[in-house]
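Undergrad: For reference, the structure I am asking about is given below.
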Amino acid sequence: MRVTRLALPAILLATAGTVAPASAAGLIPHRAVYDLALDNASDRSGITGISGRMVYEFNGSACDGYTVTFRFVTQIDTAEASRVTDQQTTTFEDGEGHNFNFVTRSFIDQSLDKELKGKATLTPDATVVSLQKPEVQEVELGATQFPTQHLLEMLKKAEDGETFYETSLYDASEDADKVMTTTVIIGKEAQPKTNDPELSVIEPIAKDGFWPVDVAYFDMSGDEEGEELPTYRISFKLHESGVTRDLTMDYGDFTMTGRLVDLSMFDAPEACAE
């Protein structure tokens, strides 16, 4: 199972798409907790059940850079067995989107399965990834953008009324060795309704508008010919503050949902010093 980062709601964030500084001011530090559940699964997947929790904490500002801590824990059941996966990630992205540090530890049934640690730096023509773990190596990828800039670009497009665009993203997922192409569909801005099932949870931002968003992620590093299918796709509601909710994560053979169950808003960052 591929574990997805939301800057997401991830999902959530630069050569591929620079945004105006005013957009960065709208991002509010917060902690969001989501309950995860299986939506549907094909017979080929072998999955009979999924449950879990995702915790996403976003801090920082355009002045000081952005820190994200992320934990994604799932219990995956099949007819033969049940296993618990636990991904723990911490990233730091500078305010200009030029440098991205990451550490990820993945566990299966409490045993360490994989550890990634490294740094990615944008140059005028490339994304240079310097890995420290699992082994020291350097990889040069195509020029792109990092998660917070990806999110800011999405918010700017939504505010401008754009409904479809294509861009790219490096988020150090999987083996931290590829840039993903993303296609983004943005729906019409709306306001939470009085019968919204998450209304009590989003009380701090209940008066803010949001956009329904669908993002498809494509791995374009292969040489296969023919129509490319997305590696996975995410649908969610994106609020002006950067908070995401009502998640649906589609991995092809199975789909899972993420329901926002707790939201803590932190103090907004102070204006940058002159």
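Undergrad: Quick one: how many residues across the stretch 166-215 are over 30 Å from GLU140 (Cα atoms) and either within 16 Å of the chain's Cα centre (by Cα) or not in a loop (DSSP other than H, G, I, E, B) (or both)?
TA: 9
Undergrad: In this structure, does PHE236 turn out to be of a type in the set (Phe, Trp, Tyr) and open to solvent by 20 Å² or more (accessible area, probe 1.4 Å)?
TA: No.
Undergrad: Take LEU152 and tell me if it is open to solvent by less than 60 Å² (accessible area, probe 1.4 Å), among the aliphatic types (A, V, I, L, M), closer than 24 Å to GLU57 by Cα and out of contact with any Cys (no Cβ under 6 Å at 6 or more places or on another chain).
TA: yes
Undergrad: Which one is modelled with the lowest pLDDT among residues in the stretch 159-195 that are polar (S, T, N, Q) and surrounded by 14 or more Cβ atoms within 10 Å (Cβ to Cβ)?
TA: Going through the qualifying residues, I end up with SER173.
Undergrad: Here are some conditions: (1) in contact with a Ser or Thr (Cβ under 7 Å, 6 or more places away or on another chain); (2) surrounded by 20 or more Cβ atoms within 10 Å (Cβ to Cβ). ILE202 meets all but one. Which one does it not meet?
TA: Among (1) in contact with a Ser or Thr (Cβ under 7 Å, 6 or more places away or on another chain); (2) surrounded by 20 or more Cβ atoms within 10 Å (Cβ to Cβ), the lone unmet condition for ILE202 is (1).
Each row is one residue, and each column tells you yes or no for (1) among the aliphatic types (A, V, I, L, M); (2) at pLDDT below 95.
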| site | (1), (2) |
| --- | --- |
| THR15 | no, yes |
| THR18 | no, yes |
| ALA25 | yes, yes |
| ARG31 | no, no |
| ASP35 | no, no |
| ASP43 | no, yes |
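Undergrad: Related question: Would you check which residues across the stretch 51-71 are closer than 18 Å to MET256 by Cα and either outside any strand (DSSP E or B) or modelled with pLDDT of 95 or more (or both) and list them?
TA: Listed by number, the residues that qualify are SER51, GLY52, ARG53, MET54, VAL55, TYR56, ARG71.
Undergrad: I'm told ILE47 meets every condition in (1) open to solvent by less than 40 Å² (accessible area, probe 1.4 Å); (2) under 15 Å from the mean Cα position of the chain (by Cα) except one. Can you identify the failing condition by its number?
TA: (2)
Undergrad: Can we say MET256 is over 24 Å from GLU162 (Cα atoms) and of a type in the set (A, V, I, L, M, F, W, C)?
TA: yes
Undergrad: Would you pick out the residues in the stretch 100-137 that are open to solvent by 70 Å² or more (accessible area, probe 1.4 Å) and in a loop (DSSP other than H, G, I, E, B)?
TA: Across the stretch 100-137, the qualifying residues are ASP109, GLN110, PRO124, ASP125, PRO134, GLU135, VAL136.
Undergrad: So, of the residues in the stretch 246-272 that are closer than 26 Å to SER45 by Cα and of a type in the set (D, E, K, R), which turns out to be most open to solvent (accessible area, probe 1.4 Å)?
TA: ARG259
Undergrad: Let me ask something else. Give me the pairs, please: first residue somewhere in the stretch 36-61 and under 29 Å from THR148 (Cα atoms), second residue anywhere and outside any strand (DSSP E or B) and open to solvent by 30 Å² or more (accessible area, probe 1.4 Å), beta-carbon distance under 6 Å, and either six or more positions apart or on two chains.
TA: Close Cβ pairs (under 6 Å, with a partner that is outside any strand (DSSP E or B) and open to solvent by 30 Å² or more (accessible area, probe 1.4 Å)) amount to SER61/PRO269.
Undergrad: Could you tell me whether the stretch 57-79 includes any residue that is over 27 Å from PRO269 (Cβ atoms), touching an Asp or Glu at 6+ places or on another chain (Cβ under 6 Å) and open to solvent by 50 Å² or more (accessible area, probe 1.4 Å)?
TA: No - not one qualifying residue is present in the stretch 57-79.
The values are calculated or read from the model by the stated rules, or taken from the named source; none is laboratory data. Keep in mind the model is a prediction, meaning the values are calculated, not measured. Glycine also receives a Cβ, built like all others from the backbone with ideal geometry; neighbour counts cover every protein chain displayed. Accessible surface areas use protein heavy atoms only, side chains included; no ligands, DNA or RNA. Shrake-Rupley method; radii C 1.70, N 1.55, O 1.52, S 1.80 Å.
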